[in-house]
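J.: Got a structure for you, written out below as structure tokens; questions coming shortly.
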Amino acid sequence: MQRLGPDVERLVHLVERILPIGILAMAIIGVPLMMLAPEGLPRLRSLSKELAQVESENAELRQQIQHLRGKVRHLREDPVAVERIARDELGLVRTSEVIFQFPRR
């Protein structure tokens, strides 16, 4: 095995000691800076709030969907409800019925 010169060995020894310390120092300084940057913890908090709002809206929409599905089921199964809607909202009448209209005063 070839032996390196004393200057090269000193340089290698220096790099072996200083490099880990340098990396540790960069981490100690860099991590807090990255966490406190606008893209760090503040962004995470705002995204968490937005997620909570969206989940709340989704829960409300699920309830509305369930309510509307119940209405649809009721209309499909209850002919009286369909007739009531046809009379009240559409103004329809049966063919056997006679309509009397009186002028309003």
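The values are calculated or read from the model by the stated rules, or taken from the named source; none is laboratory data. As the structure is a computational prediction, the values presented were derived from the model and not from experiment. Neighbour counts are summed over all protein chains in view; Cβ atoms, including those assigned to glycine, are modelled from backbone coordinates with ideal geometry.
J.: Among the residues of region 1-36, what is the count of those that are among the small types (Gly, Ala, Ser) and modelled with pLDDT under 80?
T.: 1
J.: For Arg105, which of the numbered conditions (1) assigned to a helix (DSSP H, G or I); (2) surrounded by fewer than 10 Cβ atoms within 10 Å (Cβ to Cβ); (3) among the charged types (D, E, K, R) fails to hold?
T.: So the condition that Arg105 fails would be (1).
J.: While we're looking at this one, here's another question. Is it the case that some residue within region 56-70 is assigned to a helix (DSSP H, G or I), surrounded by 11 or more Cβ atoms within 10 Å (Cβ to Cβ) and of a type outside the set (A, V, I, L, M)? Talk me through it step by step, then tell me what you get.
T.: Taking region 56-70 first, the residues assigned to a helix (DSSP H, G or I) are 56-70.
Still in the running and surrounded by 11 or more Cβ atoms within 10 Å (Cβ to Cβ): none.
No, region 56-70 contains no residue that is assigned to a helix (DSSP H, G or I), surrounded by 11 or more Cβ atoms within 10 Å (Cβ to Cβ) and of a type outside the set (A, V, I, L, M).
J.: Would you mind finding the one in Glu39, Glu16 that is in a helix (DSSP H, G or I) and charged (D, E, K, R)?
T.: Glu16
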